[in-house]
1. Could you give the accessible area per residue of region B:1-125, probe 1.4 Å, as a whole number in Å²?
2. Checking a compactness column here: for chain A, what do you get for Rg(Cα) / (2.2 N^0.38 Å), N being the number of residues?
3. Once both axes come from the Cα atoms, what is the angle between helix A:81-91 and the longest principal axis of chain A, in degrees from 0 to 90, rounded to 10?
4. With every protein chain present, what accessible area does A:CYS340 have (1.4 Å probe, heavy atoms only), rounded to the nearest 10 Å²?
5. So, in nm, how far is label B:GLU284 from label A:LYS351 when the simple model puts each one 7 Å beyond its Cα toward the Cβ?
6. How high is the relative contact order of chain A, in percent, with contacts defined as C-alpha pairs under 8 Å that are six or more residues apart?
7. Through the Karplus equation 6.51 cos²θ - 1.76 cosθ + 1.60, θ set to phi - 60°, convert the phi angles of region A:260-265 into ³J(HN,Hα) values in whole Hz; use x for Gly and Pro.
8. Near the amide H of A:ILE231, under 5 Å away, which other amide H atoms are found, from residues 5 or more places off or on another chain, if H is placed in the peptide plane?
2 protein chains.
Amino acid sequence: PPVDKGVDYAQYFCTYAFLYHQKDMLSDRVRMDAYFNAIFQNKHHFSGKTVLDVGTGSGILAIWSAQAGARKVYAVEATKVAEHARNLVKANNLQHLVEVIEGSIEDITLPEKVDVIISEWMGYFLLRESMFDSVICARDRWLKPTGVMYPSHARMWIAPIWTGLLDQKLGQYHLAMDDWHNFAEETNSYYGVDMSVLTKPFAEEQRKYYLQTSMWSDLKPNQVIGTAAVIKEIDCLTATVADIKEVGSKFSSSISTENTKLCGFGGWFDVHFRGRVEDPAGQEIELTTAPSVDHGTHWGQQAFLLHPALHVSKGDHLSISFFMDRSKENHRLMEVEVECDIQQYSGKPLKTLKNKYYIE
Amino acid sequence: PPVDKGVDYAQYFCTYAFLYHQKDMLSDRVRMDAYFNAIFQNKHHFSGKTVLDVGTGSGILAIWSAQAGARKVYAVEATKVAEHARNLVKANNLQHLVEVIEGSIEDITLPEKVDVIISEWMGYFLLRESMFDSVICARDRWLKPTGVMYPSHARMWIAPIWTGLLDQKLGQYHLAMDDWHNFAEETNSYYGVDMSVLTKPFAEEQRKYYLQTSMWSDLKPNQVIGTAAVIKEIDCLTATVADIKEVGSKFSSSISTENTKLCGFGGWFDVHFRGRVEDPAGQEIELTTAPSVDHGTHWGQQAFLLHPALHVSKGDHLSISFFMDRSKENHRLMEVEVECDIQQYSGKPLKTLKNKYYIE
Ligand SMILES: Nc1ncnc2c1ncn2[C@@H]1O[C@H](CSCC[C@H](N)C(=O)O)[C@@H](O)[C@H]1O
Ligand SMILES: Nc1ncnc2c1ncn2[C@@H]1O[C@H](CSCC[C@H](N)C(=O)O)[C@@H](O)[C@H]1O
């Protein structure tokens, strides 16, 4: 079904209109360093060139592009934050180079094609928010045949994890159900209404909320208990919407930690700034959101919980099939199915799991 | 502008689709007792009668109406929770009396007019959510000329208050601004972009968020430091949408506490179940959300903060002008303007305050 623009604004864009939210992104040093280095260590991509910044927000990437020598920067932003971007550009004396355009990239037109498209379009687990659709639209309409994408490549990763979140969420789920049972009893005795028929749907709703909704986490490397696998690679220069609408992957992972608990899977992404084969980056920059001791990002990782947790040990083998699709109700959210066969090191099959998750 | 139904669903109805949210309301004992008593202590209004429940949610009021002897109950609910209501009705053996209809009350039709309209339509500070519009629509279309409204009357109240929330919110606001200043400095030194032009709009945004958004509070009677005033009375049988779209009132209050601080105003409401003049309730029931030691409701009170707080004392006189309007962006939210002249007991004018608030 076609997307209702009003609903899309209410559900998605509205938050970006707040400077508070823009500041959150501008305070993410890992993110900022990556884009900053990508631009200023590859000035040859910007110097004297035309640039399109898709979703300029505060205007930061457009401003850097201009400072790196761009001849002209088109900075497109759908929300009212465009006005702040315009003021920021002026206060930094770049109004002759940076043109801020308020509007959806799908709706606006530019006076010329551009040499570079830069955009920070990545959502949780890369594809949440489906903003890369808009970058593809911009690329197909406005990038010169010789143009360069910033970033140029993106990957999604999955790995088995241990996490304390599992016990926490299980606990919260059980508390919610205890509470329900008290509530149902009281409603019956005080008000003469038997609520028990709603117990099952309430439990389902709470299970979905606490256990099937993937969760933001700040995983540390030692919480990754097996080999990580790339489940999707995107070439930003050529990917189509059809390529990214669904993500399916079959892969295996072997447990690398002795005597631990498999609590679920962690998902994250990285992007690279490599320029274009014919016009490569001098200095290739990576932005990774992988579990890290002290380079966490505001994206963190997404945790997909398994319950009950499963005792596993070094050498145990996981065969995993992963499938992600967009939610029918909201194309910017995702639904995920994970199937996992677990074999002990000895070859003995341990368990087959199948789970459904929501990235909300 | 006409309301976009998709946007209205995304911003308003969607939360009511969760049993979790319905349970919150069903767990509010003050609310439940009031409706329960209103129905069962006035069985003559229900016995053998036809009833329309506007926004039946879980179905509770429809079920009680049937249990009180209604001949037929139409239970209309806009969200998917209607399905749960239908199951609850069945599990309580009332499917021959209660017909659950999924749809907006504005869109559906009934096979007959009804004797009673019952609805729990009250939002924070009574009118937030603007759901009474839908009750008016139902009344004008489906209530018999001799019909009865449950509840029959509603009032809005305002009083001067002391609250610790003021210092808390002021503290949070100042922390947010300190944080901004660090952020701006770092962005300048690390990334060569001068953010200072955004300091003012950021401060405005944060001030709106922390200090101008009315806040849910659980006020105790001793936090009410002056006389409370009724600023609006609604007769549910006759009120029109025009009557409730805007609420304006000029009133005065005298401080009743020695040496205290005026931290703002508290707003709450009550509703009454009086039946109809020609067909009155045998037992008049009140549901109040006023500050209370141990009869708090999930509505609490709305606090409108004043800063800086003002030292006042017994006998000081406040002349207040209050004006509430619907927000242009979302007709279910409100904007409020308060003007307040403060005179000391001696007659000496102390201060004139003017403030704008958002009920979000
Ligand atoms: N289709 C579209 N057209 C225009 N702007 C869009 C868009 N989709 C998303 N955006 C905007 O893209 C921004 C993504 S967040 C990144 C902001 C900024 N480039 C920075 O790096 O700090 C948001 O401000 C959002 O409102
Ligand atoms: N115009 C409309 N048509 C139908 N249902 C509506 C409506 N406006 C609001 N509602 C529903 O009205 C309910 C209000 S909450 C009250 C629920 C229930 N009567 C109880 O007392 O517990 C919500 O479930 C909401 O979805």
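The values are calculated or read from the model by the stated rules, or taken from the named source; none is laboratory data. Computed from a predicted model, the values in this text were never measured in an experiment. Here Cβ is always computed from backbone atoms with ideal geometry, including for glycine, and neighbour counts include all displayed protein chains. Protein only, heavy atoms only, side chains kept; ligands, DNA and RNA dropped before computing areas. Shrake-Rupley method; radii C 1.70, N 1.55, O 1.52, S 1.80 Å.
1. Spelled out: the 1.4 Å probe surface of region B:1-125, per residue, equals 38 Å².
2. So chain A has a normalised radius of gyration of 1.12.
3. With rounding to tens, the tilt is 40 degrees.
4. We get 0 Å² for A:CYS340.
5. Here the modelled spin labels are 6.3 nm apart.
6. Values: 745 pairs, mean separation 60.5, N = 360.
Across chain A, relative contact order equals 17 percent.
7. 9, 10, 7, 9, x, 10
8. Sorted by chain and number, the residues that satisfy this are A:MET156, A:TRP157, A:ILE158.
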